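Novice: Pasting a structure here, questions to come.
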Amino acid sequence: IAKYLSLSSIDGLLICVTSESYKSNHLKEIMDFGIPIVFFDRAADLINTSKVIQNDFEGAFMAVEHLVRNGYKNIAHIGGPLNLSFTKERLRGYLFGLKKYNLPVRHDWIIHSEFTQLSGSHDTKKLWACKNKPDAIFAVNDRKAIGAILELKERSIEIGKKVGVVGFTNDPMSVIISPSLTTVEEPALEIGKKSCELLLKHISERNLIPKEIVLYGNLIVRESSSKKID
């Protein structure tokens, strides 16, 4: 990456990794050059530097607990690529929620793919190919949740009444989609603020010990998880 950047003119970098960023040699190269890095939102596991992230485990658990308290008992999970730590944490929160409420873990109801709306649709098709169908879906992000909603609507399945759906992010589309999407809102503004503050500290104090700041999300309840009991 150094050949694409004029590293001598850079004081520090804020980085959010993508689903393809399982290799970290290019980031180590930057740090070896003496440039501090702070990860925000998504972090590379193998790099020892500061990071500002959200509590993905707790957010996923809140989503599952909300579904359980609203009458859903057979909850599937459509996740992201398993090489990312936050995907693993949201899976862990989902599994913890099932365990707490003594609900079965069905491995055919746990599907990992990309973060796109199309992936959410494809994952839902796989779920409905199972002999036993779930009555709720917790998606790793809102795009996949929206893909799930559109696929369920294609099958004339009533969202909320018959199958609950919860996402993660609070994407603007979560309000536009019908029915509106229940989601775990990421503390994006606070993550941005804290990560900038932390990077400035690293720039001014070169020997600053790396630290991890964990922030909490907020459950926003909308129509997609409103189960109407006849």
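The values are calculated or read from the model by the stated rules, or taken from the named source; none is laboratory data. Note that this is a predicted model, so its numbers are computed, not measured. Cβ placement follows ideal geometry from the backbone for every residue including glycine, while neighbour counts extend to all protein chains displayed. The area values use the complete protein model at the heavy-atom level, side chains included, leaving out ligands, DNA and RNA. Shrake-Rupley method; radii C 1.70, N 1.55, O 1.52, S 1.80 Å.
Novice: Take region 102-150 and flag every residue that is in contact with a Gly (Cβ under 6 Å, 6 or more places away or on another chain), within 19 Å of ASN70 (Cα to Cα) and either open to solvent by 30 Å² or more (accessible area, probe 1.4 Å) or not in a helix (DSSP H, G or I) (or both).
Specialist: Scanning region 102-150 gives ALA136, ALA139.
Novice: Kindly list, by first and then second residue, each pair from a residue in region 47-60 that is under 18 Å from PHE168 (Cα atoms) and in a helix (DSSP H, G or I) to a residue that is open to solvent by 10 Å² or more (accessible area, probe 1.4 Å) and of a type outside the set (A, V, I, L, M, F, W, C), limited to pairs with Cβ atoms under 6 Å and residues at least 6 apart or on different chains.
Specialist: Listed by first residue and then by second, the contacts come to ASP56/GLU89; PHE57/GLU89; PHE57/ARG92; GLY59/GLY217.
Novice: With the structure loaded, tell me whether VAL166 is in contact with a strand residue (DSSP E or B) (Cβ under 6 Å, 6 or more places away or on another chain), in a strand (DSSP E or B) and either open to solvent by 70 Å² or more (accessible area, probe 1.4 Å) or over 30 Å from THR49 (Cβ atoms) (or both) or whether it fails that test.
Specialist: Considered against the rule, which asks whether it is in contact with a strand residue (DSSP E or B) (Cβ under 6 Å, 6 or more places away or on another chain), in a strand (DSSP E or B) and either open to solvent by 70 Å² or more (accessible area, probe 1.4 Å) or over 30 Å from THR49 (Cβ atoms) (or both), VAL166 comes out as yes.
Novice: Right, next: Quick one: in region 198-226, of everything that is crowded, with 16+ Cβ neighbours inside 10 Å and in a loop (DSSP other than H, G, I, E, B), which residue is nearest to the chain's Cα centre (by Cα)?
Specialist: GLY217
Novice: Consider GLY71 carefully, then state whether it is farther than 29 Å from LYS161 by Cα, modelled with pLDDT of 75 or more and more than 18 Å from the chain's Cα centre (by Cα).
Specialist: Answer is no for this residue.
Novice: PRO172 - would you say it is surrounded by fewer than 21 Cβ atoms within 10 Å (Cβ to Cβ), closer than 23 Å to PHE86 by Cα, of a type outside the set (Ser, Thr, Tyr) and in contact (Cβ under 8 Å) with a residue 24 or more places away in the chain?
Specialist: Spelling it out, it is not the case that PRO172 is surrounded by fewer than 21 Cβ atoms within 10 Å (Cβ to Cβ), closer than 23 Å to PHE86 by Cα, of a type outside the set (Ser, Thr, Tyr) and in contact (Cβ under 8 Å) with a residue 24 or more places away in the chain.
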